[in-house]
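Trainee: There's a structure below that I have some questions on.
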Amino acid sequence: MLEALKEEEIVNKVGGRFKLSTLIQKRLVQLNRGSRPLIENAPENKMEIVLQEILQDKIFLSSAGELALVSEQDDGDLLDMDSLEF
């Protein structure tokens with residue numbers, strides 16, 4: 001899965017290498033603080049979890065540069081994950 005970082009698909013999906021590294025860092029901090037994975041059958045490796053969440057369009061950076069997710073139960077509303085407490 002880490003090979004996904006070498007692909008341009010994930011870089012283009014996020015909007016560039018800087019945004020990708022920022023998104024990965026912010027999400028890894030949340031996972032390390034106890035946040036639950038947003039994907040089913042999550043692997044043990046937290047980096048792989050983050051990459052799968054990105055590829056499955058579960059997380060992204062908002063226009064303000066904050067980590068956000070698409071809430072499936074709220075008709076695609078955006079949630080600012082940086083403001084949530086875990």
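The values are calculated or read from the model by the stated rules, or taken from the named source; none is laboratory data. Keep in mind that what you see is a predicted model, and the values were worked out from it rather than measured. Here the Cβ is made from the backbone with ideal geometry for all residues, glycine too, and neighbour counts use every protein chain on show.
Trainee: Here are some conditions: (1) at pLDDT below 75; (2) part of a helix (DSSP H, G or I). K13 meets all but one. Which one does it not meet?
Mentor: Condition (1) is where K13 drops out.
Trainee: Next up: Check G16, G34 and return the single one that is exposed (fewer than 15 other Cβ atoms within 10 Å of the Cβ), out of contact with any helix residue (DSSP H, G or I) (no Cβ under 8 Å at 6 or more places or on another chain) and without any contact (Cβ under 8 Å) to a residue 12 or more places away in the chain.
Mentor: Numbers: G34 fails: without any contact (Cβ under 8 Å) to a residue 12 or more places away in the chain.
Sole residue among the options that is exposed (fewer than 15 other Cβ atoms within 10 Å of the Cβ), out of contact with any helix residue (DSSP H, G or I) (no Cβ under 8 Å at 6 or more places or on another chain) and without any contact (Cβ under 8 Å) to a residue 12 or more places away in the chain: G16.
Trainee: Hey, among the residues in the stretch 42-86 that are assigned to a loop (DSSP other than H, G, I, E, B) and at pLDDT below 55, which one's surrounded by the fewest Cβ atoms within 10 Å (Cβ to Cβ)? Give the steps one after another, and end with the answer.
Mentor: First, pick out the residues of the stretch 42-86 that are assigned to a loop (DSSP other than H, G, I, E, B): 42-45, 56-58, 62-66, 75-76, 84-86.
Right, trim to at pLDDT below 55 and you get 75-76, 84-86.
Details: D75: 7, G76: 8, L84: 11, E85: 4, F86: 9.
Within the stretch 42-86, the match that is surrounded by the fewest Cβ atoms within 10 Å (Cβ to Cβ) is E85.
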